[in-house]
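See below for the structure under consideration.
The values are calculated or read from the model by the stated rules, or taken from the named source; none is laboratory data. These numbers were taken from a predicted model, which means no experiment stands behind them. Neighbour counts are summed over all protein chains in view; Cβ atoms, including those assigned to glycine, are modelled from backbone coordinates with ideal geometry.
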Amino acid sequence: MALIAILPGDGIGPEVVAAARQVLDALDLGLTFEEAPVGGAAYRAHGHPLPPATLDLAKRADAVLFGAVGDPEFDNVAREHRPEQAILGLRKELGLFANLRPAKLFAGLEDASALRPEVAAAIDMVIVRELTGDVYFGEKGRGTTADGLREGHDLMRYDEAEVARIARVAFETARTRNHRLCSVDKANVLETSQLWRDVVIEVSADYPDVALTHMYVDNAAMQLVRNPGQFDVIVTGNLFGDILSDQASMCAGSIGMLPSAAINQDRKGLYEPIHGSAPDIAGQGKANPLATILSAAMMLRHSLGEADAADRIEAAVTAALVAGHRTPDLGGTATTQDMTNAVLAAL
Ligand code: NAI
Ligand code: MG
């Protein structure tokens, strides 16, 4: 029987995770749930944002459902005590190198997009972002130049194994969709990107059924706004993926709508909404639970082999939106529980 680690975290985290839990319970899949504190909540209770017992649960579990971490109370404490260290620690400890961020415009939400409705309607893509390499994890430092100027550096680096494994996740993802993969890099300027492109082309030999294209990142940023409908699956490095996926999210409507998966080689994963703990609306029943409910659907599909149940959740979310239910971020007045009830009713 599959074990799910439930890590609600801070702010609206517990509210949206409780909503997703109701949806999972309603599906009656025989899952086991175990909950543990994380982030500021864990720091208050145990003096650490990622206590050993929480990390142990995450390692034992088949999948992790994560809310959000972060609390203004900790704004002025040392970095290693900050709630946000918990999510970085989990990614590192579980080896979650692949970040899947689907961006899709749900029916009826055209007016919520930052793009013209007819352009926004075509958005249906997955950005596959490498999550444990690149400038974020390369050698960093501060120093002084020979001329006495302050200097800072972050090394951009990938090895071929890191590129190959994220490329495989992307090709596999494309196989489950429209068999089109666009690799985004800056190979006209960067050595890392030239290696990236070489390795992606080598891996493509194993996926003759997937049409591979390449695009420079600056052009990709422009194309995401001009004609996002051209993309099916995008694969890119950590830095480019961070920026492009935030851009894509706003093209697809509210931040309260977008789920994500961080997975490793064993398809084990951590599933979370892309938003944070939203302290400005916490405890008021205003949070849109759909990003977390959709993250639970991704968990069922990617880590638990329950694709049918995942499809049912996604169909129920669409039905709730088509029926006109809207939390405040989507311009309505539904509470978190109202929206959850609408999804449950559609299930
Ligand atoms: P945020 O995503 O928490 O909030 C940004 C804005 O979007 C706020 O106005 C908020 O009310 C709104 N919003 C977010 N989620 C929503 C939802 N489900 N429904 C309706 N409105 C929603 O980002 P912010 O304010 O920059 O960060 C707040 C805290 O969250 C910080 O401590 C930050 O470090 C942390 N954070 C944690 C993340 C994680 O746990 N993975 C990711 C991003 C931020
Ligand atoms: Mg980001």
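With respect to the numbered conditions (1) assigned by TED's automatic domain parsing to the domain that holds Arg21; (2) within 16 Å of ligand 2 (Cβ to nearest atom); (3) surrounded by fewer than 24 Cβ atoms within 10 Å (Cβ to Cβ), which one is the sole condition not fulfilled by Glu272?
Evaluating Glu272 over (1) assigned by TED's automatic domain parsing to the domain that holds Arg21; (2) within 16 Å of ligand 2 (Cβ to nearest atom); (3) surrounded by fewer than 24 Cβ atoms within 10 Å (Cβ to Cβ) leaves (3) as the failure.
Does segment 237-260 include one or more residues that are within 11 Å of ligand 1 (Cβ to nearest atom) and closer than 19 Å to Arg168 by Cα?
yes
Count, please, the residues in segment 64-114 that happen to be more than 16 Å from ligand 2 (Cβ to nearest atom), crowded, with 20+ Cβ neighbours inside 10 Å and β-branched (Val, Ile, Thr).
Total satisfying the criteria: 1.
Being without any contact (Cβ under 8 Å) to a residue 24 or more places away in the chain and either outside the structural domain of Thr173 (by TED's automatic domain parsing) or within 22 Å of Val235 (Cβ to Cβ) (or both) is the filter here; which residues of segment 123-156 pass it? Don't jump to the end; show me each part of the working.
Start the filter on segment 123-156 by keeping residues that are without any contact (Cβ under 8 Å) to a residue 24 or more places away in the chain, which leaves 138-155.
Scanning segment 123-156 gives Gly138, Asp154, Leu155.
Identify, by number, the condition in (1) in contact with a Leu (Cβ under 6 Å, 6 or more places away or on another chain); (2) of a type outside the set (Ser, Thr, Tyr); (3) away from ligand 1 (no atom under 16 Å from the Cβ) that Phe66 doesn't meet.
(3)
Take Gly40 and tell me if it is under 18 Å from the mean Cα position of the chain (by Cα) and buried (at least 23 other Cβ atoms within 10 Å of the Cβ).
It is false that Gly40 is under 18 Å from the mean Cα position of the chain (by Cα) and buried (at least 23 other Cβ atoms within 10 Å of the Cβ).
Counting just the residues of segment 284-301 that are surrounded by fewer than 22 Cβ atoms within 10 Å (Cβ to Cβ) and in contact (Cβ under 8 Å) with a residue 40 or more places away in the chain, which one comes out nearest to Arg21 (Cα to Cα)?
Within segment 284-301, the match that is nearest to Arg21 (Cα to Cα) is Gly285.
Count, please, the residues in segment 37-81 that happen to be touching a residue at least 24 places away in the same chain (Cβ under 8 Å), acidic (Asp, Glu) and assigned to a loop (DSSP other than H, G, I, E, B).
Final tally of qualifying residues: 2.
Examine segment 179-196 for a residue that is on the phi < 0 side of the Ramachandran plot, among the acidic types (Asp, Glu) and either out of contact with any Cys (no Cβ under 8 Å at 6 or more places or on another chain) or assigned to a strand (DSSP E or B) (or both), and state whether such a residue exists.
For segment 179-196, residues on the phi < 0 side of the Ramachandran plot, among the acidic types (Asp, Glu) and either out of contact with any Cys (no Cβ under 8 Å at 6 or more places or on another chain) or assigned to a strand (DSSP E or B) (or both): present.
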